[in-house]
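Novice: Below: one structure in C-alpha cells.
The values are calculated or read from the model by the stated rules, or taken from the named source; none is laboratory data. Just so it is clear, the structure is predicted and the values come from calculations on it, not from any experiment. Cβ atoms come from the backbone with ideal geometry, glycine included; neighbour counts cover every protein chain shown.
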Amino acid sequence: MGRNLQKLALWAVPLAFVVVLFYWAIVKLLGLGLQQNWFAVFGDQHFHSVVWFTIGQATLSTLLCLLFGVPGAYVLYRRKFFAQSFIRALIAVPFVLPTIVVAIALQTFASSLPTIIVILIAHLFLNYSIVVRTVGGVWQNFDKEIEYAASIDGANQWHTFWRIMFPALRPAIVSATVLVFLYCVTSFGIILLLGGGKVSSIETEIYFSLTQFLDFKTASAFAIAQTVITVSVFALSKVYGNANAGLEQASESDSSSRIKLREWPVVLTTAFVVIAVLVLPMLQVLMRFSWQGLLDLGGTGSRQLLNISVWQATGNSLRNIVIAGCLAMFFGGLVAWLLSRNRWSWLELPFLLPMGVSSVVLGFGYLITFGAGWLTVPLVQAVLATPLVIRIIHPALLSLSSEYREEAIMAGAGSWQIWRLVEAPLLAQPLRAAAVYASLVSLGEFGAASLLSFGDQATLPVVLYQLISRPGAQNYSMAMAACAILIISVFAISMTSALVQRRRRSF
Amino acid sequence: MLKKKYLAVVTAALIGISISGCATTSEAPELTVAVHDSVVISDEQLAEFKKETGITVKLVKAGDAGALTNKLILTKDQPIADMFYGIDNTFIGAAATAGILGDYKAIDFGDVCFNYDKQWFATHEQAAPETIDDLTRDEFRGLTVVENPTTSSTGLAFLAATVGKYGEGKWQSYWESLKANDVRIDSGWEEAYNVNFSGSAGKGNYPVVLSYSSSPAFEDDTVSIDDGCFRQTEYAGLLTGGAQVEGAKKFIDFLLADSFQKTIPDTMYMYPVSTKVALPEAWATKAPASLNAVVVDSKLINANRSSWLKTWDAIFKN
C-alpha cells in the first residue's frame, strides 16, 4: 500500500511537468479555435487535400528511407570495410543540422527537380541515419553463429534474411519507421522552404493560418488532424512488432565480416545515397565558406539584422541545450524507470504525444499562455525532447536482465543501491545516447523557436534563418560560415565519439 | 551518480532562474521598442536620444512585419514592448482590429517593383519588359521569378498591387496568364533575388525578379520597372498595453526628425517620409521611388487578404 502511494507520488512529478508545460498550452490554443462551428473545416476540400498530401509525402519519404536505409544498415554495420567509422560519423551529421540549412543546401543542389522530389530527397537526407543506426544497431549484435548455422543447413541468404534475421530486426524497423514517419508528418522547415508555397502540409498550413490570419479555427482543426494521425501511428506500432526498440546507438563490433562479391549491388546503392544525397549537399555549404563570413559572426550582420551576434546566439543555444537537456533527461529518465517498474504501459502515451504534435502549435500556445520570457524556449525543447529520452532509455531498462535485480534484492540491496551498482553502469551507453539526442532536439528545434526566441534571446537556428532569408551578401556569407562550422564540428564530435568508443573496447 | 548530477544541475538552473528574475525587475525603467528584423537604429542615435530625453531604448527584433504584428497581438495580455516601429500597411489593419494599436505615424516607405537584369537582355539582344503586362507575353516566357504571396510579404504586396491595378474580379486572369507564361514561384525574397535572379551575386537563371525600386542602388546593371509597384508604408506607434506613453511619443518624434530620417535609405533600404532630407546619390540616380505606385487601402487589405490568398492558391495549385 505504502509502496503504491509512493509510486503514485513519483508519477505525479513527470505528469505535472507535461500537463503544465504541454497540455495546458495546447488546450489553451485549441480553446481559441474550437469555437463557433469549427468542425466545418473538416468538410473543406482544401483540408482534405492538405491532409492527404501530408500523409502521402510522409509515407513516400519513409518508404524511401527504409528502401535505402536497411541496405545501408547492412553495409555499414554488418560488414566491415575501409573508412567505415568515417562514413558512419558522416551520415549522422544531417540529422543534427538545422532544417533551414538543409533546405538551402538542397535548393541550390536540386533546384531543377520537381518540388515533391526535392522534398523527398531532403527527408531522405535528414532521416537516413535514423534507419541506418536503429536497424544497424540491432543487426550488428545479431549472432553471427545463427546466420552461419543456417547457411550450413542449406538456407540461401535471402531465406536466412526473411526467416531468421527479419523477425529479429522487425522491432527496430518498426521503431525506425514510426520515428521517420512522425518526423516527416510534422516536417516544417523543409516544406516551408522547399515547397515554395506550391505544396502545403498540415504543419505549414497551421503556420500560415496562424501567422498570416490568426485563424485559430483552421489551425486547431489541422492540429487535431495531425494528432489523430500521430496517435494512430503509435497505436499501429504497438500492434505490429511491439516497437519498443528505441534509438539505440550502435557500438563498434569486430564480429562483422568483409563484403562479399555478390553484395556489391547493395554496397553501390549505399555508396550512391551517401555521396549523392548526403555528401554533395553538405559540400555545397562547405564550398560557400569564407573567412570574412567567419570574422563577421562576431557582429550582427549587415544593417544590424540581428539583435545579438551569432556567437551570442550560440551561447543562448548552448544554455538552452543545458536546461532542456537536463529537464528532459530527468523527467524522461524518471518516466522510463517508472514504466519499467509497472504494467501501466499506456501511461507512456501522454508523454509521447508531444513528439507528434505540431511544434508551431506548441510555440503559439506558449506565446498565449506564458508570454515570451527567455525560459520558454528551453522549456518547449525539454517537452519535445522528453519522448525521445523515454524511447531510448525505456527499452534499455527492459532489456536489463531481471535476474540481476532479483539477486540484488535477495542480497538485501535497496532500490538506490541496485540503481547505482547494477543498472547505472549497464545504462551508461543509452543514457549517453539519450543526452545526445535531447541536445540535438534542443539545438535544431525551429518551429517553436521561430515564434518564441527573438530579440536578445534568439537561438542559433533562428539567427541562421534570419541571415539566410534577408538581403545582403554579408548575411549570406555569415550564414554559410556558421553552417560550415556546424557541419564540421558536428562531424568532428561524431567522429571523436566513435573513436573513443573503439578505444574503450580495446582495453 | 549520473542522476544526482542532473538533479544538481536542475536545482542550479532553477536558482539561476529565480535570481535573474529578481535582477530584471530591479533594473531602471526603459523604453522597449518592438521592431521587425530590418529596422536599423544605430547605437549613436540611441545615445543621442538618451542625451536629449534621459530615456534608454531597448530594441527587440521580433521577426518580419507579420511575425512582429502577430506576436504583439498574441501577447497583448503580457505586452513584450511599450511601442512598435515597423508594422506596415499590409498588417496595420490586423493590429487595429485586434485592439492593440494606439496613435501611430508613418515613418518610411518602400516600393515593391519588378527589377530586370540589363546585362542579360543585352546579351540576348532582346528588349527588356516595361510593364507588368509584358511579363505575360510570349517573348518573356519562363524569365520571371515572383515570391509566393502566402509565404512572403514581398509577394503579398505585389498580389495587393495587382488587385489595386486590375480591380477586384479581374486580377485573377492576370495571374492565370503569368502562370501560363511559366512564372517561377519562390517562397521568399532571398531565394528569388539572391539565388534565382541572374542580376544578383547568385547568378541564377531568371532575368526578371520581384524586388524593390531601391534594389538597383545596390546591384549594378539592374533596373526597376515602374509599373504595378506596391507602396509599402511603415509605421511607428503606441501599443495599448504599453507602460511608457510619454517616452514612446518622444521616440516617435525622434524617428521623424531629420537626423534619423536621413539615415533610412542607407540602413533600411526604404525612403524617408520627410521631404526635407535628400536621398543618397546612388538612390537619386538609380533607385528613385516609383512615380505611380499602386496604393491599396490597409483596411481593404486586412479584410480581403485571406480570400485573395485562397484564390491565388487555387490558381497556382491547379
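Novice: Can you pull out the residues in region A:160-212 that are of a type in the set (S, T, N, Q) and away from chain B (no Cβ under 14 Å)?
Specialist: The answer is A:T160, A:S175, A:T177, A:T186, A:S187.
Novice: Of everything in region B:49-69 that's more than 10 Å from chain A (Cβ to nearest Cβ) and in contact with a helix residue (DSSP H, G or I) (Cβ under 7 Å, 6 or more places away or on another chain), which residue is modelled with the lowest pLDDT?
Specialist: Filtering region B:49-69 for residues that are more than 10 Å from chain A (Cβ to nearest Cβ) and in contact with a helix residue (DSSP H, G or I) (Cβ under 7 Å, 6 or more places away or on another chain), the one modelled with the lowest pLDDT comes out as B:A65.
Novice: For A:A372, all conditions in the list (1) touching a helix residue (DSSP H, G or I) at 6+ places or on another chain (Cβ under 8 Å); (2) in a helix (DSSP H, G or I) hold save one; what is the number of the exception?
Specialist: With (1) touching a helix residue (DSSP H, G or I) at 6+ places or on another chain (Cβ under 8 Å); (2) in a helix (DSSP H, G or I) applied to A:A372, the lone miss is (2).
Novice: Restricting the search to region B:32-47, which residues are of a type outside the set (A, V, I, L, M, F, W, C) and touching a helix residue (DSSP H, G or I) at 6+ places or on another chain (Cβ under 7 Å)?
Specialist: B:H36, B:D37, B:S38, B:Q45
Novice: Another one. Regarding region B:153-172, can at least one residue be identified that is assigned to a loop (DSSP other than H, G, I, E, B) and basic (K, R)?
Specialist: Yes: region B:153-172 contains one or more residues that are assigned to a loop (DSSP other than H, G, I, E, B) and basic (K, R).
Novice: Being within 28 Å of B:E191 (Cα to Cα) and touching a Pro at 6+ places or on another chain (Cβ under 6 Å) is true for just one of A:P114, A:P98, A:P94. Which residue is that?
Specialist: Result of the check over A:P114, A:P98, A:P94: A:P98.
Novice: Working only within region B:133-190, note down all residues that are more than 15 Å from the chain's Cα centre (by Cα), buried (at least 18 other Cβ atoms within 10 Å of the Cβ), within 20 Å of B:K317 (Cβ to Cβ) and aliphatic (A, V, I, L, M).
Specialist: Result: B:V145, B:V146, B:V163, B:L178, B:V183, B:I185.
Novice: Just name the residue that is surrounded by the fewest Cβ atoms within 10 Å (Cβ to Cβ) out of those in region B:34-48 that are in contact (Cβ under 8 Å) with a residue 24 or more places away in the chain, touching a Leu at 6+ places or on another chain (Cβ under 9 Å) and more than 9 Å from chain A (Cβ to nearest Cβ).
Specialist: Here the answer is B:H36.
Novice: Sort out which residues of region A:441-462 are in a loop (DSSP other than H, G, I, E, B) and surrounded by 24 or more Cβ atoms within 10 Å (Cβ to Cβ), and write them in order of number. Step through it out loud before you land on a result.
Specialist: Of all residues in region A:441-462, those in a loop (DSSP other than H, G, I, E, B) come to A:445-448, A:453-454, A:458-459.
Across region A:441-462, the qualifying residues are A:E445, A:G447, A:A448, A:S453, A:F454, A:A458, A:T459.
Novice: Another question about this same structure. Going residue by residue through region B:75-91, is there one that turns out to be within 7 Å of chain A (Cβ to nearest Cβ) and under 22 Å from the mean Cα position of the chain (by Cα)?
Specialist: yes
Novice: Something else about it: For region A:479-492, check the following and say yes or no: at least one residue is in contact with a helix residue (DSSP H, G or I) (Cβ under 9 Å, 6 or more places away or on another chain), within 11 Å of chain B (Cβ to nearest Cβ) and in a helix (DSSP H, G or I).
Specialist: yes
Novice: Could you count how many residues in region B:246-299 are in contact (Cβ under 8 Å) with a residue 60 or more places away in the chain and either more than 30 Å from B:T56 (Cα to Cα) or aliphatic (A, V, I, L, M) (or both)?
Specialist: Total satisfying the criteria: 23.
Novice: Counting only residues that are buried (at least 24 other Cβ atoms within 10 Å of the Cβ) and not aliphatic (A, V, I, L, M), how many does region B:91-117 have?
Specialist: Residues that pass the stated criteria total 9.
Novice: On to the next question. Name the residue that is surrounded by the most Cβ atoms within 10 Å (Cβ to Cβ), counting only residues in region A:463-475 that are in a helix (DSSP H, G or I) and at the interface with chain B (Cβ under 9 Å from one of its Cβ atoms).
Specialist: A:Q466
Novice: Now a separate question. Restricting the search to region B:50-77, which residues are buried (at least 19 other Cβ atoms within 10 Å of the Cβ) and under 22 Å from B:P272 (Cβ atoms)?
Specialist: Listed by number, the residues that qualify are B:V57, B:L59, B:K61, B:D64, B:A65, B:L68.
Novice: Looking at the structure I just gave you, is B:G241 surrounded by fewer than 19 Cβ atoms within 10 Å (Cβ to Cβ), more than 22 Å from the chain's Cα centre (by Cα) and within 14 Å of another protein chain (Cβ to nearest Cβ)?
Specialist: Judged against the criteria, B:G241 is a match.
Novice: It is to be established whether one or more residues within region B:156-164 are in contact with an Asp or Glu (Cβ under 6 Å, 6 or more places away or on another chain) and of a type in the set (F, W, Y).
Specialist: no
Novice: Another one. Considering only residues of region A:360-406 that are surrounded by fewer than 24 Cβ atoms within 10 Å (Cβ to Cβ) and among the hydroxyl-bearing types (S, T, Y), which is nearest to the chain's Cα centre (by Cα)?
Specialist: Within region A:360-406, the match that is nearest to the chain's Cα centre (by Cα) is A:T376.
Novice: Which residues, taken from region A:283-326, are farther than 26 Å from A:Q107 by Cα and basic (K, R)?
Specialist: A:R319
Novice: On to the next question. Of all residues in region B:245-277, which are outside any helix (DSSP H, G or I) and either crowded, with 20+ Cβ neighbours inside 10 Å or within 14 Å of another protein chain (Cβ to nearest Cβ) (or both)?
Specialist: Listed by number, the residues that qualify are B:T263, B:Y269, B:M270, B:Y271, B:P272.
Novice: Moving on to the next point. Looking at the structure I just gave you, is A:I308 of a type in the set (A, V, I, L, M), surrounded by fewer than 19 Cβ atoms within 10 Å (Cβ to Cβ) and within 14 Å of another protein chain (Cβ to nearest Cβ)?
Specialist: yes
Novice: Would region A:410-432 turn up any residue that is within 29 Å of A:S494 (Cβ to Cβ), surrounded by fewer than 22 Cβ atoms within 10 Å (Cβ to Cβ), modelled with pLDDT under 80 and facing chain B (nearest Cβ under 10 Å)?
Specialist: yes
A quick yes/no check of all residues on (1) over 19 Å from B:G228 (Cβ atoms); (2) among the hydrophobic types (A, V, I, L, M, F, W, C); (3) within 14 Å of another protein chain (Cβ to nearest Cβ):
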position	(1), (2), (3)
B:V112	no, yes, yes
B:F140	no, yes, no
B:P149	no, no, yes
B:L156	no, yes, yes
B:V163	no, yes, no
B:G188	yes, no, yes
B:A201	yes, yes, yes
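Novice: Also, quick follow-up: Of all residues being surrounded by 17 or more Cβ atoms within 10 Å (Cβ to Cβ) and part of a loop (DSSP other than H, G, I, E, B) in region B:278-318, which is nearest to the other protein chains (Cβ to nearest Cβ)? Just the residue, please.
Specialist: Looking at residues that are surrounded by 17 or more Cβ atoms within 10 Å (Cβ to Cβ) and part of a loop (DSSP other than H, G, I, E, B), I get B:A287.
Novice: Does B:I80 satisfy the criteria of being of a type in the set (V, I, T), surrounded by fewer than 22 Cβ atoms within 10 Å (Cβ to Cβ) and at pLDDT below 95?
Specialist: Here the answer is no, as B:I80 does not meet what is asked.
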